[in-house]
Amino acid sequence: MAVLVHDPIQEAILQVAEKVQASYEKGAPCGMILAPCAAVGPKQLEQVQSYVSGFEPEVPFQCFYLDSSGLLGIILTGQKLINTHYASLVLKEFVEQQNLLEGQMVVASFPESGELTEHSLSQLLQTTLQGKGESRDIHLFMNHGVQQGITSILIADPDEVSREFVKLRLEIGGYKVEEAKDGSEALEKYEKSMPDLVITELNLPILDGYQLIDKISRNVTSEGQVIVLTDKQLPKSMDRAFELGASDYVTKPFSISELEWRIKKLSSRLS
């Protein structure tokens, strides 16, 4: 007797692939947003369409909801990653207002996020489903990027604007990025996920940057590296950070290109 196994991932892949096929223009970018949400009915879906189009009136897009996997999706025809990310901020505002969001939103734009294939769609869906119940942040999906050396990064900075800016740029570069607003949260996330690199401000609440560097350096179960990114420009601050185990020291205001170059330089030393 044959047994039919219900595979929600495969079912979702087929559904999303149909939506993409209807919107995708060959040779043009294709933006995509997926968000784990509570049940979204036809009326709410119309409200989503109306709300997003109010901010993006010139952008052709379609909204859909996958009942089997509980995912709300938007496909944006001809939109690159930066524009898709903006649309995701608009969508996030709406679903949070409606108490619908149930986890991390995932944003992609092909081919920037990799080649648009069944495999990449599967990874995109799995990433979104795995983010259910986690923080309500926005994750940029990249199916390519650095393959050795530093691949995962934790950013610790009380300044949300600075934190989000660095996170966005590094995710576009293919890194997996987490963030923390204070030293205690940073240490907790570090011990849980053991990222390859921590980028930290020294002026952190609860547990300051010096204490964080010291605890990371003393952790015998990991080889995590630390780059200081701070507004402390005194030589004694730099000396103390290096003495505690920091690998590099960057002062604010800073160039994001320089920070990326320093990460790659450190990564090449570790490869």
Filter region 46-61 for residues that are without any contact (Cβ under 8 Å) to a residue 24 or more places away in the chain and part of a helix (DSSP H, G or I); which is most open to solvent (accessible area, probe 1.4 Å)?
GLU46
Checking SER69 against (1) at pLDDT 90 or above; (2) assigned to a loop (DSSP other than H, G, I, E, B); (3) of a type in the set (Ser, Thr, Tyr), the condition it does not meet
(1)
Residue match in region 123-138 (condition: without any contact (Cβ under 8 Å) to a residue 24 or more places away in the chain, of a type in the set (Ser, Thr, Tyr), part of a helix (DSSP H, G or I) and within 22 Å of VAL40 (Cα to Cα)):
yes
Given (1) at pLDDT 85 or above; (2) hydrophobic (A, V, I, L, M, F, W, C); (3) touching a helix residue (DSSP H, G or I) at 6+ places or on another chain (Cβ under 7 Å), index of the condition MET142 fails:
(1)
I'd like to verify a number: residues in region 79-122 that are in a helix (DSSP H, G or I) and either open to solvent by less than 20 Å² (accessible area, probe 1.4 Å) or touching a residue at least 60 places away in the same chain (Cβ under 8 Å) (or both), how many?
13
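Within region 62-78, track down each residue that is on the phi < 0 side of the Ramachandran plot and open to solvent by 30 Å² or more (accessible area, probe 1.4 Å).
So in region 62-78, the residues on the phi < 0 side of the Ramachandran plot come out as 62-69, 71-77.
Residues satisfying the conditions are GLN62, TYR65, ASP67, SER68.
Do we have LYS43 as modelled with pLDDT of 90 or more and open to solvent by 20 Å² or more (accessible area, probe 1.4 Å) here? Show your work before the answer.
Working: modelled with pLDDT of 90 or more: yes; open to solvent by 20 Å² or more (accessible area, probe 1.4 Å): yes.
Answer is yes for this residue.
Given the options ILE227, ILE216, name the one that is more than 13 Å from TYR190 (Cα to Cα) and of a type in the set (Val, Ile, Thr). Break it down into steps so the answer makes sense when it comes.
On the way: ILE216 fails: more than 13 Å from TYR190 (Cα to Cα).
Matching residue, one of ILE227, ILE216: ILE227.
The values are calculated or read from the model by the stated rules, or taken from the named source; none is laboratory data. Worth saying up front: this structure is predicted, and the values here are computed from it rather than measured. For neighbour counting, all protein chains shown are included, and Cβ atoms are generated from backbone atoms with ideal geometry for every residue, glycine included. Heavy atoms of the whole protein, side chains included, go into the accessibility calculation; ligands, DNA and RNA do not. Shrake-Rupley method; radii C 1.70, N 1.55, O 1.52, S 1.80 Å.
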